[in-house]
Amino acid sequence: MRAFSPEPPLEPKGPEIEKIPGAATGLGAIVHSLDVSLREMGPARTINAWTHVNQVGGFDCPSCAWADPLGHRHSFEFCENGAKAFADDATRKTIGREFFATHSVEQLATQTDHWLNAQGRLAEPLVLDPNEANYKPISWENAFSLIGQELRDCPTPHHAAFYTSGKAVNESAFLFQLLARRFGTNNLPDCSNMCHESSGVGLTESLGAGKSTVTLEDLENADVIVVIGQNPATNHPRMLTSLQIAKRKGARIIAVNPLPELGLFRFRYPQDPLALLGKTQILADHFLQVRINGDLALLQGLAKVLLEMQAIDSIFIDQNTRGFEEFAAQIAQVPWDLIAKESGISEAQIRETADILASSKGTVATWAMGLTQHTNAVDTIQALVNLLLLGGHIGRPGAGLFCVRGHSNVQGDRTMGISESMPEAFYKALEREFHFTCPREPGYNTVETIEAMNEGHLRVFVSLGGNFLSATPDTHAVAQGMRRTRLTVSIATKLNRGHLITGQRALILPCIGRTEQDQIASVENTVSWVSTSQGRFPPASPQLKSEAAIIAGIARATCDVDWSAYANDFELLRERIACIIPGFQNFNERLKEGGFYAPVPPKERKFPTRSGKAEFTRHNIEPLPVEPGQLVMMTVRSHDQFNTVVYDENDRYRGIHHGRRVILMNREDMQERDLEEQQLVDISSHFEGQVRTVQAFRVLPYDIPRGNAATYFPEANPLVPLGQRARKSFTPASKSVIITVTRSS
């Protein structure tokens, strides 16, 4: 048994603290983008990549799912984080048998996540056999045979799980879910379970569809924009450009966050040379520094004022909604002292903000993980829906709800059927087109997959991209579960920590990346626009296969079906998809015409709920069970990070360099605990009598509300309890972790 720690290693010294830049993006972003591009790709590939990413006929950025303009596009249509992502994908560095012969998995586990990722592209299929210390080469034929044998040996199909990351394109995602269901299970956990699942559940219950109700044009033409639980400058920087466009047209922007993030206060437009040299743009007109998990209380306070003012769209409410009277009666009873205490925002501030909303001709509300990763996440998102329903800001230009998806095609994956449960019509269509009987029993989501591993109910785990170990909560529980499986299979482009914590046997199957030459594929962005993606560069190694070819190889070895025609001809596959997925009729023809919007009925004020109307919902403000001496901690990303991939150990927009094992605390909370800057501390989380501890983090003072703290993931993931998750959605509550902080011994 390989028993080394699944956590990233301790850091020998504390981080360096530097002055926060004068503005987000701008010249600094250009310099960093160029530096990483030249270092990883060289001059010729850099020019090729920069001029084709997110362009018509080019490749879709493998980073976030931000929408591309449908009209005029700039010559360089990407952000700093995107540059890091596609340079990382198109790097000239590769690793194969020589590298793994000299690096055991235990030795690799002592390296940082940044170091592991920086070694280069995986060049050939690899196997880690039981009781072996090193990965060794394996032929594709033998790899497929091994997977097929292990899957067939499962007592039932439900002893296998098929995990998907948001990097998979639509065609490979469709084949992957087809493989799982052809094998006989709906065990299809995915990265959406850990991020926007709460959004999907909340929106579906309230509006009948779990997607954004806006287009990029709606955002850029809004009168008021509420940016809540979200840090655009780090997680999707191109959003700042759209916010600036809206701002120039007169939009007022309200930012709601426990941390005053740089991008919403000081921004320089990188596409405009004059702006690079001129004054910074202040985007946020109003900033509400809400307490962690205080958003529900704030939203109810805003609704309370709008109802008092009668600043509502009565015609819209009467014609399109249900439950308004009950909702209004409940909000009237919520006391102001509870709202102010739990939100951390005064009644006066809430009334001032409500005045802005009351006069808005069109409001767009955008959010991300700051709302979705709490136990009451679904409630909070539905409270945001309630707020926009009051003003009729659904289904009209310049208004709507905008859940900003993280990974590039995570929304497309769900559209293609990556879900533990799909509508009956989807199953029947699959059966009609592919002539097999679909399982109907709901499968495991991500949290349930980890629980099944630990209970010994999962023998085989197949991952299409991603880093399951580092993306999930409760790292030691995940590691224990992974080690109880017989086989773990990772379809991947780069080495990550998840390849070191494995089942009894492990396979790494290297695939062609988004930037590399393959077929014309399709993706769906965060506003449901479906478009093409085509790579530019030769594959990093002749041993690589496409994701679809790998899935077809597994299917042939497991289910004795030949899907090679679909893997080799995406147009043929899209003809079948067009017969199954609603709204994808004439899939190939519409892609060739430039793309299309996947259907989102609430955009047209059609609400496929049980009542046929948008539903007002009621929720209680639930104070977190924080005891004296405890803090509420949230996990966040650094600026040089995308999801679990750490490009560098810096967080430039927060002034933190060369260190990630840090905890950001309010100075008064530090003084109360007699802690100094750079003090080494241990952090323990507390949940239902369980205690989890991480060691040797450095304390840094930061502008964060009293009683709150922030840490980076995946370093702090061991603190997030597996059992602490959002009701209904099962999304881990990584933003509501109750902790204590003590000096390290």
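A few comments on the model shown:
- Interchain or long-range residues, amide H under 5 Å from G120's placed H: L495
- With N counted as the residues of the stretch 39-80, its alpha-carbon radius of gyration over 2.2 N^0.38 Å works out to 1.17.
- When each of the peptides 106-112, 455-461 is scored by how many other beta carbons lie within 10 Å of its residues on average, the order from highest to lowest is 455-461, 106-112.
- Proximal lysine pairs, the stretch 1-140, alpha carbons under 27 Å, eight or more residues apart or interchain: 4
- In the context of the full protein assembly, W529 retains an accessible surface of approximately 40 Å², using a probe radius of 1.4 Å and ignoring ligands and nucleic acids.
- D285-A44 pseudo-label distance in nm [points 7 Å out on the Cα-to-Cβ vector]: 5.2 nm
- Only helical runs count toward this figure. For the chain, summing -39,500 (n - 2.57) over DSSP H runs of n ≥ 4 and dividing by all residues gives -10000 deg cm²/dmol at 222 nm.
- Pairwise FRET efficiency - W336 versus E672, Cβ, R0 = 22 Å, nearest 0.05: 0.20
- Length gained on full extension, K592 to D560: 8.2 nm, using 0.36 nm per residue less the C-alpha separation.
- Shape category assigned to the stretch 389-503 from the gyration tensor of Cα positions, a/c cut at 1.5: oblate
- When the inverse distances between all different Cα atoms of the stretch 508-574 are averaged and flipped, the Kirkwood radius reads 13.1 angstrom.
- Under 13 Å from a label point set 7 Å out along the Cα-to-Cβ vector of H74, no amide N atom of the stretch 86-105 is found.
- Formal net charge of residues neighbouring G535 (Cβ-Cβ distance under 10 Å; K, R +1; D, E -1): -2
- Amide H to amide H distances under 5 Å link V214 with L401, where only residues 5 or more positions off or on other chains count and H is placed in the peptide plane.
- With the biggest extent put first, the Cα atoms of the stretch 275-391 measure 53, 31, 27 Å across the principal axes.
- Remark: the stretch 587-649 projects, on average over all directions, an area of 10.8 nm² (convex hull of Cα atoms).
- Over the stretch 1-147, relative contact order from alpha-carbon pairs under 8 Å, at least 6 apart, %: 24 percent
- Over the stretch 89-162, volume per residue of the alpha carbon convex hull, in Å³: 135 Å³
- Solution diffusion estimate, µm²/s, Stokes-Einstein, the stretch 145-268, Kirkwood Rh from C-alpha pairs, 25 °C, viscosity 0.890 mPa s: 136 µm²/s
- Each of W367, N386, Q349 was scored by the projection of its Cα onto the charge dipole of the stretch 317-461, and the greatest displacement toward the positive side belongs to W367; charges sit on the C-beta of Lys, Arg, Asp and Glu.
- Considering only F265, G629, G120, the residue lying farthest towards the positive end of the dipole of the chain is G120, judged by Cα position with unit charges set on Cβ.
- With all pairs of different C-alpha atoms in the average, the Kirkwood value for the hydrodynamic radius of the stretch 38-164 is 18.0 Å.
- Alpha-carbon Debye profile of the chain, log10 I(q)/I(0) at 0.04 Å⁻¹: -0.14
- Accessible surface, the chain, averaged per residue in Å² (probe 1.4 Å): 35 Å²
- Heavy-atom accessible surface of the stretch 202-349: percent carbon and sulfur, 1.4 Å: 52 percent
- Here the simple spin-label model places points 7 Å from the Cα toward Cβ, and for K606 and A696 these points are separated by 5.9 nm.
- Three-way shape label, the stretch 654-745, alpha-carbon gyration tensor, a/c 1.5: prolate
The values are calculated or read from the model by the stated rules, or taken from the named source; none is laboratory data. Worth saying up front: this structure is predicted, and the values here are computed from it rather than measured. Note that we place each Cβ from the backbone using ideal geometry, even for glycine, and neighbour counts take in every protein chain shown. Quick note on the areas: whole protein, heavy atoms, side chains included, nothing else; ligands and nucleic acids left out. Shrake-Rupley method; radii C 1.70, N 1.55, O 1.52, S 1.80 Å.
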